[in-house]
1. Which ones in segment B:279-288 are out of contact with any Lys or Arg (no Cβ under 9 Å at 6 or more places or on another chain) and surrounded by fewer than 15 Cβ atoms within 10 Å (Cβ to Cβ)?
2. Which residue pairs have Cβ atoms closer than 9 Å, lie 6 or more positions apart in sequence or on different chains, and pair a first residue in segment A:29-54 that is free of Cβ contacts under 8 Å to residues at least 40 places away in the same chain with a second residue that is exposed (fewer than 13 other Cβ atoms within 10 Å of the Cβ) and of a type in the set (Phe, Trp, Tyr)?
3. Which count do you get for residues in segment B:251-266 that are more than 9 Å from chain A (Cβ to nearest Cβ) and either crowded, with 20+ Cβ neighbours inside 10 Å or free of Cβ contacts under 8 Å to residues at least 40 places away in the same chain (or both)?
4. Cβ-Cβ below 6 Å, separation at least six or inter-chain, first residue in segment B:13-33 and closer than 18 Å to residue B:174 by Cα, second in a helix (DSSP H, G or I) and of a type in the set (Val, Ile, Thr): which pairs?
5. Just checking, which of A:151, A:162 is farther than 21 Å from residue B:279 by Cα and more than 8 Å from chain B (Cβ to nearest Cβ)?
6. Within segment B:204-218, can you find the residues that are within 12 Å of residue B:40 (Cα to Cα), surrounded by fewer than 24 Cβ atoms within 10 Å (Cβ to Cβ) and touching a residue at least 60 places away in the same chain (Cβ under 8 Å)?
7. Contact list please: Cβ distance under 9 Å, first residue in segment A:237-253 and touching a residue at least 40 places away in the same chain (Cβ under 8 Å), second residue among the hydroxyl-bearing types (Ser, Thr, Tyr) and outside any helix (DSSP H, G or I), pairs at least six apart or on different chains.
Amino acid sequence: MSETALATPEFSAAGRPAGRLRRRNWPAIIAWAVVLLILVLLPLYLPPGLLSAGQYVMVGAVGAIGLTLVFGQAGQLSLAHAFFLLVGGTAYSVLAGETTQAGAERIVGFGWPPLLALIGAVVITALFGLAFAPVAGRLKGIYLGIASLALVYIGFYLGRALPALTGGASSGRNPEPFSLFGFPFTNEGDIALFGVPLRQPERLWYLFLVVLVIGYLLAAGAMRGRVGRAWRAVRDHEAAAAAMGVNVLRAKAVAFAVSAAYAGLAGVLLVLWYGLLKPDESEFGNYGLNTSIAFLAMVLIGGLGSIPGAVAGALIVWGSQQILTLFAADLGLGTALSGFSPTVISLYVYGLAVIAVVLFEPGGLAAIGRNTVAALRGRRRSDMDSSGASGRRSAPPGKDGK
Amino acid sequence: MTTFVQLVVNGLGKGAVFALLALGFVVIFKATGVINFAHGSLVLIGGYLVAISVGALGFPAATAIGIAGAGLAALLIERLLVSRSRLADPNSLALLTIGVDVVVAEDIFRRLGTTVPYLGAPWDAHPVRLGNITLFSTQLVALVVGLVLITAFFLAFRFSDWGIAMRAQAENPEAAALMGIRRSRVTATAWLVAGMLAGVAVVFIVTQDFSGIGLSRTTHAIAFAAFPAAILGGLDSTAGAVVGGLVVGLVDALSAQYVSFDFAKVAVFLAMLVVLVARPSGLFGTREVTRV
């Protein structure tokens, strides 16, 4: 599948560096600083429920950035994100945890320091992504997507078949709480910021925020650099990319490894957020196909290949569910088992959003944002217009992807 | 040995059902180039219609309603969404069907609530004994119905005007259009046929013999195994869909018996992965050629 259709041309190297080097984009820098400041101050004001929802969104955003790199930038459809999430969470729990005896089952743990375990988990997940590269190198488009789906089922099986690592599907295992150079991300110890005591929820918020910002900047850097150009070349035309000297197989393998690493990182954050690693008991659990599809929805709604879009997509897909759950009683929504539960509504929302994006604005929120900014600046040129909808329509039907 | 024969026959019966689903995938793919991720939803719609009408109307009439409803739903997806964005490329349309699947499947689950209804197939849970071999009658009926429908499909595909128009369009859309073949009619009937096949399949899936559980998320998950079936055989090959379906049914039945029930769900996807690595376009699919 050539992803010309879903390409976001304004990420091509042209235009950007000039603007970056000559004049700094002060409005954008100030906007980012304000956003960061708000994110730093929010935990001082938010109630625990919203705090937890915000953490969940940040976990989703880290994972979605990984998917937007492999699918949006490199054009490789991956439905295996949920599997890599499981691998990351399991690897962290095993590396950081202690060996314990739970009933008849001996649960293995290495007792590494949590930071080391987190890095180890990311590396292990990346290796899993790399191991899938031989398959990814041979397949394209939807074939690749469905082949990667096999990983989700393998994860489902292994999660249950290896209770020594995962704790088994019925009870799971508790991951070691995170700590950094002796500073625990739990309720231990008293520290305060502006008179607000920082306990576990606030500390995890800042941990997740730091991880998200680092992940965001690394992804943006990769996208702007040589790696990103190679990915886009492979996405747009493999043969042309090879002719230009891009090592196609390596570019694909790197994209899969990087995307898996992000998913693994999100998986670590997820077990820290839940306080529990629990493999699925059925095919439609936390690490099932539906989670892979939720991540796909995030990057589609946000705009394929756009990193801010991925974050916004996470806010819509995972945020809507959490926030609706929090306010379910106020909104008069049903509980999980009756009728229009928050989860059901959030699924409607993102299902419909995916349909709307494909039909009306293939560039997603990123394109809408760009068009809005351009309109506000009053220099909406014809080429800006073509960035989203008409850009993909320039490809003759039937010729693309085949 | 008796176990083995038993497993093969039951596996082939399941395989016939997967073949019906996979055939639907392939028909839609050939006509519109779209991979229909909403196939599981069509299965659920058919099953839901049967479940709510079987009490009042009896099994045959309820099944007819289910099949018609699933076909109609597929037609609606094609008319309202897919045909509207004719210029969007097939891959984004596949993503669109994911959105459809999320919404429709969740709506059916919401309607079902805590109920897990069976569809009341009269042959369900009546095992047949031949000597010391026990066979599930659902799988036997599925095998017969599957063979009849698949044969009818191939005859229609080969000889009817619809089949010829369909193959012509899959072969070369521009030339087919110039020959006076109406694209919209071909694609609409393709979706209709695929939906109806899904409506037939669900009557067999939601039985004690096949899935052992009523209409639920599990039904949706089982319908997903038609994906490996279609991919295994090659997405643009109708014969491949049938072979793929039978392979999936056999792998499922044999691995559930000889390895473990859990492993059976993975085994199907592993088989697909092995085939894809060896032959990236499936067993009978057309090889992609990159022109520079």
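The values are calculated or read from the model by the stated rules, or taken from the named source; none is laboratory data. Here the structure is a predicted model, which means the values were calculated and not measured. Ideal geometry is used to build each Cβ from the backbone, glycine not excepted, and the neighbour counts take in all protein chains shown.
1. Listed by number, the list holds a single entry, B:286.
2. A:41/A:194
3. So the first thing to find is which residues in segment B:251-266 are more than 9 Å from chain A (Cβ to nearest Cβ), and the list is B:251-259, B:261, B:264.
Next, from what is left, pick out any that are either crowded, with 20+ Cβ neighbours inside 10 Å or free of Cβ contacts under 8 Å to residues at least 40 places away in the same chain (or both): B:251-253, B:255-256, B:258-259, B:261, B:264.
Residues that pass the stated criteria total 9.
4. B:31/B:186; B:31/B:187; B:32/B:187
5. On the way: A:151 fails: farther than 21 Å from residue B:279 by Cα.
Matching residue, one of A:151, A:162: A:162.
6. B:216, B:217
7. Cβ pairs passing all conditions: A:237/A:2; A:238/A:2; A:238/B:290.
So that you can scan it fast, the table gives a plain yes or no per residue for (1) touching a residue at least 12 places away in the same chain (Cβ under 8 Å); (2) within 7 Å of chain A (Cβ to nearest Cβ); (3) buried (at least 19 other Cβ atoms within 10 Å of the Cβ):
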residue: B:83; (1), (2), (3): yes, no, no
residue: B:92; (1), (2), (3): no, yes, yes
residue: B:100; (1), (2), (3): yes, yes, yes
residue: B:113; (1), (2), (3): no, yes, no
residue: B:122; (1), (2), (3): yes, no, no
